1. For region B:288-407, what's the radius of gyration and Dmax over Cα atoms, in angstrom?
2. Suppose every Lys and Arg Cβ carries +1 and every Asp and Glu Cβ carries -1, with no other charges. What dipole size does the protein assembly as shown come out with about its Cα centre, to the nearest 20 debye?
3. Find, among the trypsin sites (Lys or Arg not before Pro) in region B:1-79, those assigned to loop by DSSP (not H, G, I, E, B) with at most 11 other beta-carbon atoms within 10 angstrom.
4. Under the definition of partner shielding as Cβ atoms of other protein chains within 10 Å of a residue Cβ, what is the mean value for peptide B:360-367?
5. Given the options A:I378, A:P8, A:G350, identify the residue whose Cα lies farthest towards the positive end of the charge dipole of chain A (+1 on Cβ of Lys, Arg; -1 on Cβ of Asp, Glu).
6. Just to be sure I follow: if Rg is taken over the C-alpha atoms of chain A and Rh is the Kirkwood radius over the same atoms, what is Rg/Rh?
7. Just to confirm the numbers: B:K344, label point 7 angstrom along the Cα-Cβ line, distances to the other copies in nm, shortest first?
8. For the protein assembly as shown, what does the helix formula give at 222 nm: sum of -39500 (n - 2.57) over DSSP H segments with n ≥ 4, over the residue count, nearest 500 deg cm²/dmol?
2 protein chains.
Amino acid sequence: MAKYEKSPLAPERFPTLGGIAGVKFSTVQAGIKYKGRTDLMLAEFAPGTTVAGVFTKSLTASAPVLKCREHLTGGSARALVVNSGNSNAFTGRRGEESVDHILTAAADAVGCEVGEVFSASTGVIGEPLPHDIVTAALPGLKAQLGSADWEAAANAIMTTDTYPKGATRTAEIGGVTVTINGMAKGSGMIAPDMATMLSFVATDAVIPSAVLQALLSDGTDKSFNAITVDSDTSTSDTLMVFATGQAGNPSPASPTDPLIADFKRALDDLLLDLAHQVVRDGEGATKFVEITVTGADGDLAAKRIALSIANSPLVKTAIAGEDANWGRIVMAVGKAGEKANRDKLGIVIGGVQVTHDGMRVEGYDEAPVAAHMKGQNIIITVDVGVGIGQATVWTCDLTHGYIAINADYRS
Amino acid sequence: MAKYEKSPLAPERFPTLGGIAGVKFSTVQAGIKYKGRTDLMLAEFAPGTTVAGVFTKSLTASAPVLKCREHLTGGSARALVVNSGNSNAFTGRRGEESVDHILTAAADAVGCEVGEVFSASTGVIGEPLPHDIVTAALPGLKAQLGSADWEAAANAIMTTDTYPKGATRTAEIGGVTVTINGMAKGSGMIAPDMATMLSFVATDAVIPSAVLQALLSDGTDKSFNAITVDSDTSTSDTLMVFATGQAGNPSPASPTDPLIADFKRALDDLLLDLAHQVVRDGEGATKFVEITVTGADGDLAAKRIALSIANSPLVKTAIAGEDANWGRIVMAVGKAGEKANRDKLGIVIGGVQVTHDGMRVEGYDEAPVAAHMKGQNIIITVDVGVGIGQATVWTCDLTHGYIAINADYRS
């Protein structure tokens, strides 16, 4: 694996995460591809743990993704196996057999049904996954279980990430305090040969799997589905939440039960935190960019316009060049294919109104905007003047670093 | 204007273009923005000239584009005014007034109706176009008309292009030989502050405007609408064809009239030639890439998948790195949102079968593929295994040069 400098946008340190009752980890240097670092992680969950998940929409999804979707219908989880170094994607029947071997071995080790085991793999695609390395390591991993070290687990799932990503929140459910911890990996939205996005969240709360799934899907739309590094979509993207129920809180009846409101707020916040950390580790990133679109014909239209801006190579290179090049924002709005009123378009950069009613503002002074562009956090707001839809997305800039990482990776 | 090295993919020289009866050019250094080079071009067409055009689909289209669309309904053309250095886009009412001033002055100079005059502008957006510089230059341009120098005209419309683009073809219509000449500019698919795609074609053939429009729209789908440099769409894209009728051929009755078959072939070929020249001048390009998708659920689905591959930053950077990274092609197929059978996917690079039935071929030897990747012309074919739809698109790689050009342009 190529080694890259830690992202300038990285948080100062991994946050302090306590344990989650009912969750145990262990990690090992299995040597699937990388040398001298952990690359395999086993998590065991207490009996009664519920589970929810969201996955890549790619039509060429990896074998582990297909199997996770299948097992999710059971609603309960006892184990999770994650490896880095090989994504087991585009490996045909052989890839599916590898997943079966791993899940069966994990079920044997933990002592549970195969349908309660989940797995995720990231790394090179198209290479057969040496599943025997994984299955051979599982008994040892089981024997060492007990660690509540989320940072160690977050490290074991990294590929080209320049730092491990974690977050924690607490919430009240019916007077009981519950904890949510999460980890993530990802440093391009995707790079099938080297990286992809995985995130695992666990809580000690009692939450039925159907409720958990609804909360997760909703929270994902505003977090992991509102970030982009390079517009490319992984074949392995996986985000799962496990609820061990050890906190003993009253069980919510539905996703809209008032009992669960504070938990939902905390989960949403944690997912957004992790998603932002993924963008901040975007390949070659030097700027963290927040783009809000207002005045659109519905929230979905707003999100599409915001992603059109966030994915535009010309907008992203302008930000990399610290150039207050609002003309490229106009272009990206125009190409989004959603309703926008050219003669009402208003653009605000770093709090400064740049255009109003479809024209540059009278006496526009570029100096404060240019100063904002020199910072690490860029904030762009665009009103498209046709309705009340709005959305916010996050991205990073497009730099020489991105080209260096992605043009030179395999060679 | 920043100066860049001539693209390594440039043709050896501008082709030899004769005149087109009924078409006269003149150019001048008007000083709209650039110094020391021509930046304004006037073309005059003989009475009776028919016209057709296709334009950007951007919802924030420039003032000249809106006016051209309006004048096109008349079907006849006597003059064309093109400036570089300022795109007159996103300039509100003032921009529309500027176009009116220019078209009126050109109609006065040439002696025709305002509705027979067309214009196009490229360059910085959001800055008022100093139309008085253009209108003041028009009488002089009219006085100097007479040149049949397509290369001089092609030079005057360039912005960041590293070479002028031209092509010529001949065809037979009812025993009469007719000529088609064309020029183009563009070095990103778009860069609103600096570049965009313009192309102007003229023929001495007799072709009614409705027939010309049908031929142009059809030819564009397979040429200018099948190329991409960076997925960004200009606010100014303009492609127009003028038919002076001086050749005196029998007039075709419809776009499917057998009389026009050879002309259609020649026009299609010329449009493709010009479109390829635009890709070959793609910002920072070092490789010319042809991507064909077969086996799709219809031709449109095939084109969408092909463009998903062509626009993927990860595919484009892999090509820049001369890396036979077919995993990224799988990823780009998966994210396209069109039907594809993961277990039937076949990828051929440079004539070498890489994957078959959803897996890397047995005994895959990367050496010949790696050798192909080192060349300037990269050919990728992908069969997605669900139908008979197919399409071909063209693009270039994504290099440090693209970042250098676009991150540093305005500063």
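Computed from the coordinates by the stated procedures, all read-outs in this text should not be read as laboratory data. The shown structure was predicted, so the numbers you read here are calculated from the model rather than taken from an experiment. Cβ atoms come from the backbone with ideal geometry, glycine included; neighbour counts cover every protein chain shown.
1. 13.7, 44
2. On the way: 66 positive and 90 negative charges, 93 e Å.
The calculation lands at about 440 debye.
3. Working: sites: B:K3, B:K6, B:R13, B:K24, B:K33, B:K35, B:R37, B:K57, B:K67, B:R69, B:R78; in loops: B:K3, B:K6, B:R13, B:K33, B:K35, B:R37, B:K57, B:R78.
Here the sparse-neighbourhood loop sites are B:K3, B:K6, B:R13, B:K35.
4. Values: counts 7, 0, 0, 0, 1, 0, 1, 0.
Mean partner-chain Cβ count within 10 Å for B:360-367: 1.
5. It is A:P8.
6. Numbers: Rg = 21.9 Å, Rh = 22.0 Å.
Across chain A, the Cα-based Rg/Rh ratio is 1.00.
7. 4.6
8. Working: 22 runs with 260 residues, N = 822.
Here the helix-only value at 222 nm equals -10000 deg cm²/dmol.
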